[in-house]
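Chemist: Starting off with a structure, shown below.
Only the coordinates and a few stated rules stand behind these numbers; no lab work does. Please read all numbers here as calculations on a predicted model, not as lab measurements. Here the Cβ positions follow ideal geometry from the backbone for every residue, glycine too, while neighbour counts run over all protein chains shown.
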Amino acid sequence: MEQQLEPQQVVTYLKQIPLFQRFTGERGELELYHVARVVREYTYEKGSWLFGQGVISDRLLFILEGHVRLTRVDRDGITHQLGDRGPGEVLGETGLLVGDFHDVTVEALEDVRVLYILRDEFSKLCDEQPYLRRHLNVRPELSKRRNLPHFDWLRDDEWVIFAARRHWSQFVRLVMPPLLLFLLLLPVFGALVVSPNNALRLLSVILALPLLALGVLLGWQYLNWRDDFFVLTTQRIVHIERIWPLKTSFEESSLDNIEDIYELRPSLTANILNYGNLILQTAGETVQIDMDRISDPDDLREKIFREIERTRARDVLRQRGAIREALARYLEIADSTASVKTEMAEPAAKQPIPFLTVFLGGLMDYFFPSSWSESADGGTIIWRRYWFPGFLRYMRAFVPLALLTVFGGSFLVARWGQEGTNMLLAVWLFVEAVLFGALLWFVEDWRNDYFQLTPNRIILVNRKPLLLQSSRHEASLDNIQNISFEVPNPLANFLGYGHVMLETAGTLGKFELKWLKMPQRVQAEISKRQRAYMEREKGLEAQRRQDELLTWFASYDEIRKEVTKPANIKDS
């Protein structure tokens, strides 16, 4: 039951919440009246859940009346009672400020009356009222999470837990040699500038060039250090490596795939400054992600294990929920759902396309094939290699062909009608045909290869022209352990193409999808489909377990009825 309180009464309650304890005086109370606009009241009935473990946390709750019980299920399916809470208690602060999954289930022991604030509305209010955002009394660990960078590759149900660059000692190690040289040359440069001797002043101009180069190098090293990240989210671990502006790489591994974590502090300096390396071992012998020179590796290792535990506990809860629903259906407790009829839209009449448009479109599609195409239902995606690297490859046939066409054709036109022109024309046409055939060979060899992504598999097809050779390499999405992409050089960075690498478990090894347009988008699509596929597989496995359980349940029910059936047999 949802109700609405008077603003003054809401402000009185807000002052009891630790998050708003810094709002004192006239200005603070004014801000609390702004907050009161997004506060709502609700009453939960006895036995209902305020929220469940594994559900997305999107609100803060303040208990006004009644008591609740907190429980948590671990990865082994064991339920732990975490105590009871009553009036004045606050729940869901993390969900309000940063978003995440709930780690506990909260059940009403009696009718419970609460105030609640939704994250979306509160975030919008904080954007409108900067004073409000600055004066919130946020716990230190939660404040760190609020200040973590946001990445555009995050999914809707994914939140950043940890994000950090390499330890500052790595940056110092890289910049120390050029910095020392810069500091040594700077006084010399200053002395030459103020010298009355014109020759020495001229020398200072020459010395300014290496100083400028050293300054640029120092700035470049800083950008490279600043733009590299190791990121832990609620679903995966990501390593972003940028060598600006030359190269970009992105590597990820799902938390479900991580089997072991090895920690190494390689030196006395690492122990003193508290940094080290973490090696995340996934399935197979060679598949791993190295997180090198990380500050406080012990803390990060614990965070990774904690997120793995949370992920596996959520899987247990999903299976329990599915079993509960199956039993409810068996006992005819679940509500029946009405079928919805979908009206089929009449297909639009196709307009005729001019022949020239079709011809030019086909020509462009042949020499510059689409880098990304999808089936009508969106279930299958086909990626072809980007045309530009292929163009550079078959320039060895295109350039001679173009030169022969222009200069050879001009020469023949100039000699037209003279003796021997027919022989030269025949030779010219023959060489043109050979070069054109070579060009078509290179084009066909480049465009023939493609990469296909289905809802459950990744397929690499390599084909030579004229049916000379064909190979097909494929793997199930659940065999993929790590996904990464790389933009190999400045030209690729400018035009937006690169490589995507997939490391698989066992003997399948590494898949390389080379020269793809928008490699970061390709990587993100594979990652998204892999997660969807694994969720489907978990659902199917849960369904198999449910069917087995229901079979046992039905057999038990039949036997129980047979045993309890009254005996009506009479002796003859």
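Chemist: If each residue's Cβ is checked for other Cβ atoms within 10 Å, how do I261, I289, I56 rank with the fewest at the top?
Modeler: I56, I261, I289
Chemist: By counting other Cβ atoms within 10 Å of each Cβ, how are E503, E121 ranked from fewest to most?
Modeler: With the fewest neighbours first, E503, E121 line up as E121, E503.
Chemist: If each DSSP helix of 4+ residues adds -39,500 (n - 2.57) and the sum is divided by the residues in the chain, what number results at 222 nm, nearest 500 deg cm²/dmol?
Modeler: It lands at -15000 deg cm²/dmol.
Chemist: Also: Given an 8 Å cut-off on Cα distances and at least 6 residues of separation, report the relative contact order of the chain as a percent.
Modeler: 10 percent.
Chemist: Which FRET efficiency value, to the nearest 0.05, do you get for V90 and Q170 by plugging their Cβ-Cβ distance into 1/(1 + (r/R0)^6) with R0 = 45 Å?
Modeler: 0.65
Chemist: Continuing with the same structure: Where does the charge balance sit around S48 when Lys and Arg score +1, Asp and Glu -1, over other residues with C-beta under 11 Å from its C-beta?
Modeler: -3
Chemist: At 0.36 nm per residue, minus the direct Cα-Cα distance, what do H150 and L185 gain on full extension? Give it in nm, one decimal, please.
Modeler: 8.5 nm
Chemist: Using alpha-carbon positions, what is the distance between the centroids of segment 188-245 and segment 434-465, in Å?
Modeler: 43
Chemist: Expressed in whole Å with the largest first, what are the equivalent ellipsoid semi-axes of segment 105-205 derived from the C-alpha gyration tensor as the square root of 5 times each eigenvalue?
Modeler: Result for segment 105-205: semi-axes of 58, 18, 13 Å.
Chemist: With each pseudo-label sitting 7 Å past Cα toward Cβ, what's the R560-V434 distance in nm, one decimal?
Modeler: 8.8
Chemist: Restricting attention to segment 201-260, which GluC sites (Glu not before Pro) occupy a DSSP loop and are surrounded by at most 16 other Cβ atoms within 10 Å?
Modeler: Within segment 201-260, the qualifying GluC sites (Glu not before Pro) (loop, at most 16 other Cβ atoms within 10 Å) are E259.
Chemist: Also, quick follow-up: For P(r) over Cα pairs in 20 Å bins from 0, in percent, the listed values are (i) 14, 34, 33, 15, 4, 1, 0; (ii) 21, 49, 27, 3; (iii) 21, 54, 22, 3, 0; which was obtained by calculation from the structure presented?
Modeler: The calculated read-out lines up with (i).
Chemist: So for segment 168-226, what percent of the C-alpha to C-alpha distances run longer than 12 Å?
Modeler: Result for the distance tail: 67 percent.
Chemist: Same structure again: Under a crude label model (7 Å from the Cα following the beta-carbon direction), how far is F367 from V216 in nanometres?
Modeler: The answer from the label model is 3.7 nm.
Chemist: Also, quick follow-up: Largest first, please: the extent of the C-alpha atoms of segment 2-147 along each principal axis, to the nearest Å.
Modeler: Per principal axis, max minus min of the Cα coordinates gives 49, 33, 21 Å.
Chemist: Listing W49, W416 from the residue with the fewest other Cβ atoms within 10 Å to the one with the most, what is the order?
Modeler: Result, fewest neighbours first: W416, W49.
Chemist: Here's something else I'd like to know. Stretched out fully, how many nm does the piece from H80 to L392 gain, at 0.36 nm a residue minus the Cα gap?
Modeler: 106.0 nm
Chemist: Starting from segment 15-124, pick out the trypsin sites (Lys or Arg not before Pro) whose DSSP state is loop and whose Cβ has at most 16 other Cβ atoms within 10 Å.
Modeler: K15, R22, R37, K46, R75
Chemist: Additional query: Taking amide H atoms as placed 1.01 Å from N in the peptide plane, list the residues 5 or more away in sequence, or in a different chain, whose amide H sits under 5 Å from that of A163.
Modeler: The answer is L232.
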